[in-house]
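I have placed the structure first, in the form of structure tokens, so that the comments after it can refer back to it.
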Amino acid sequence: MDVCSMSSEKTSECPKCDSVRMRKYACSFGDNPIKKYVQCLECGWSKELERKEPPKHYDHEIQPWDVINEWKLDFWAGNALKYICRAGKKEGNTAVQDYKKAITYLEECIRRDSID
Ligand SMILES: [Zn+2]
């Protein structure tokens, strides 16, 4: 499935023609991860936007979202994994709180897989 979405979000000027008629859009081709682009509507210049840096509490080379993407986990399993990964590492959250959140998502996984 190819997914494309456009955003009317204001972007900066085109580095090539200085036009401010810029648009941002996101595209995903087949099973590839979604990539975001910025494009100039005047001259057609475009570039891929850098993805956001992961939050500090995921300070590892392999990020949960890479695992979630690679293993094609759904929303609920992905969130469970995310909370397990960050348990005890995020300021203001105890490990127990995060494990409990992971359980909440796992319970939803079980509930969804139990529906015939
Ligand atoms: Zn331009």
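The values are calculated or read from the model by the stated rules, or taken from the named source; none is laboratory data. Since this is a predicted model, take the numbers as computed values, not measurements. Positions of Cβ are generated from backbone atoms using ideal geometry, with glycine treated the same way; all protein chains shown enter the neighbour counts.
Conditions (1) assigned by TED's automatic domain parsing to the domain that holds residue 15; (2) at pLDDT 90 or above, marked per residue:
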{"residue": "45", "(1), (2)": "yes, yes"}
{"residue": "56", "(1), (2)": "no, no"}
{"residue": "71", "(1), (2)": "no, yes"}
{"residue": "81", "(1), (2)": "no, yes"}
{"residue": "90", "(1), (2)": "no, no"}
{"residue": "94", "(1), (2)": "no, yes"}
{"residue": "99", "(1), (2)": "no, yes"}
{"residue": "102", "(1), (2)": "no, yes"}
{"residue": "110", "(1), (2)": "no, yes"}
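Regarding residue 68, is this residue surrounded by fewer than 13 Cβ atoms within 10 Å (Cβ to Cβ), more than 30 Å from residue 16 (Cβ to Cβ) and without any contact (Cβ under 8 Å) to a residue 24 or more places away in the chain?
Judged against the criteria, residue 68 is not a match.
Which of (1) in contact with a helix residue (DSSP H, G or I) (Cβ under 8 Å, 6 or more places away or on another chain); (2) of a type in the set (A, V, I, L, M); (3) exposed (fewer than 15 other Cβ atoms within 10 Å of the Cβ); (4) part of a loop (DSSP other than H, G, I, E, B) does residue 62 not meet, given it meets every other one?
Of the numbered conditions (1) in contact with a helix residue (DSSP H, G or I) (Cβ under 8 Å, 6 or more places away or on another chain); (2) of a type in the set (A, V, I, L, M); (3) exposed (fewer than 15 other Cβ atoms within 10 Å of the Cβ); (4) part of a loop (DSSP other than H, G, I, E, B), the odd one out for residue 62 is (1).
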